[in-house]
Amino acid sequence: MAQHKKGEPSATVKAYLVLYNLTQLAGWSYIFVKFVTHFFLRGHGLNGLWREVGSATFFFQMLAPLEVVHAAIGIVPSNVPMTFLQVFGRCMVVAGAIEGTPTGQQSPGLPLALFCWSSTEIVRYAYYVANLLLPSVPAPLVWLRYTIFIPMYPCGFFGELLCGYWAQSYFGETGKWSVTLPNPVNFTFSFYYFIWIMTVSYLPLFPQMYLHMFSQRRKVLGRTEQSSGKKVR
């Protein structure tokens with residue numbers, strides 16, 4: 001059955017959230033269409049893929065940190081640490097590993113990541129828009145919102161790891177975004193090692209985030225099934 005909403009934000013907040021989510025829905029839909037056309041319909045593969053979708057992917061992904069702000073100030077009920085980890089990890093991959101290196105743009109993980117990201121985001125933002133504008137979210141969209149992550153999340157994560165792996169050699173060879181001695185502040189920083197530390201640190205967090213999503217799925221779909229059962233009785 002459809003999922004009914006618990007509370008309504010103020011008119012101003014609601015208008016802002018509708019605008020934000022509609023913008024993201026349109027953006028990721030555009031990315032998905034461009035990706036499918038380039039990679040599957042035209043059969044160009046990795047050749048020029050990031051040139052085709054890179055600007056749009058970078059722009060709409062860099063809007064996502066606003067979601068951490070939304071959760072932090074309480075205008076959406078999302079878990080702040082979980083939202084931060086998910087957004088920060090994706091931004092690091094998009095801005096650092098892919099946009100920041102030519103090798104990341106040639107990674108075999110790029111099409112996998114793009115497909116999983118865009119598919120999941122279309123469903124997620126469509127769900128948010130429906131939740132804001134409709135009396136209740138249609139049941140198929142509720143089910144899809146809390147089911148599509150099951151295959152897409154691990155596949156997308158694997159694609160992100162491949163992009164990071166393809167990018168790390170470029171940072172090691174060029175020293176891009178690293179700070180070496182001597183310098184006026186007597187400070188050294190290796191972005192190459194930073195990428196490796198972030199990757200290793202992120203690995204044990206993946207199961208926690210994945211299980212958290214399953215917990216949300218049981219909570220929402222279980223509640224929906226109970227509602228349906230009461231109506232039948």
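Summary table
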| item | result |
| --- | --- |
| Shape of the stretch 41-195, Cα gyration tensor, a/c cut at 1.5 | oblate |
| Total lysine pairs whose alpha carbons fall under 19 Å of each other in the chain (8 or more apart, or interchain) | 10 |
| Residue 180 - accessible surface, heavy atoms, 1.4 Å probe, Å² rounded to 10 | 100 |
| Rounded to the nearest 10 Å², the accessible area of residue 19 at probe 1.4 Å | 110 |
| Normalised contact order of the stretch 116-233, rounded percent, pairs of Cα under 8 Å and 6 or more residues apart | 23 |
| Accessible area of the chain belonging to carbon and sulfur atoms, whole % at 1.4 Å probe | 67 |
| Estimated dipole of the chain in Debye, rounded to 20 [Cβ of Lys and Arg +1, of Asp and Glu -1, Cα centre] | 1020 |
| For the chain: relative contact order, % (alpha-carbon pairs under 8 angstrom, 6 or more apart) | 24 |
| Probe 1.4 Å, all protein chains present, accessible-area order of 28, 143, 196, largest first | 143, 196, 28 |
| Inter-part distance where the stretch 143-191 and the stretch 62-141 are each reduced to a Cα centre, Å | 17 |
| MRE, 222 nm, helices only [DSSP H, n ≥ 4, -39500 (n - 2.57), over the chain, to nearest 500] | -24000 deg cm²/dmol |
| Accessible surface of residue 223 - all protein chains present, 1.4 Å probe, nearest 10 Å² | 90 |
| Solvent exposure, largest accessible area first (probe 1.4 Å, DNA, RNA and ligands not counted), of 8, 121 | 8, 121 |
| Whole-Hz couplings from phi, Karplus 6.51/-1.76/1.60, listed for the stretch 139-144; x for Gly and Pro | 4, x, 5, 4, 4, 5 |
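The values are calculated or read from the model by the stated rules, or taken from the named source; none is laboratory data. These figures come from a predicted structure and were not determined experimentally. All Cβ positions, even for glycine, are placed from backbone atoms using ideal geometry, and neighbour counts span all protein chains on display. For the accessible areas, the whole protein counts, side chains as well, though only heavy atoms, and no ligand, DNA or RNA atoms are used. Shrake-Rupley method; radii C 1.70, N 1.55, O 1.52, S 1.80 Å.
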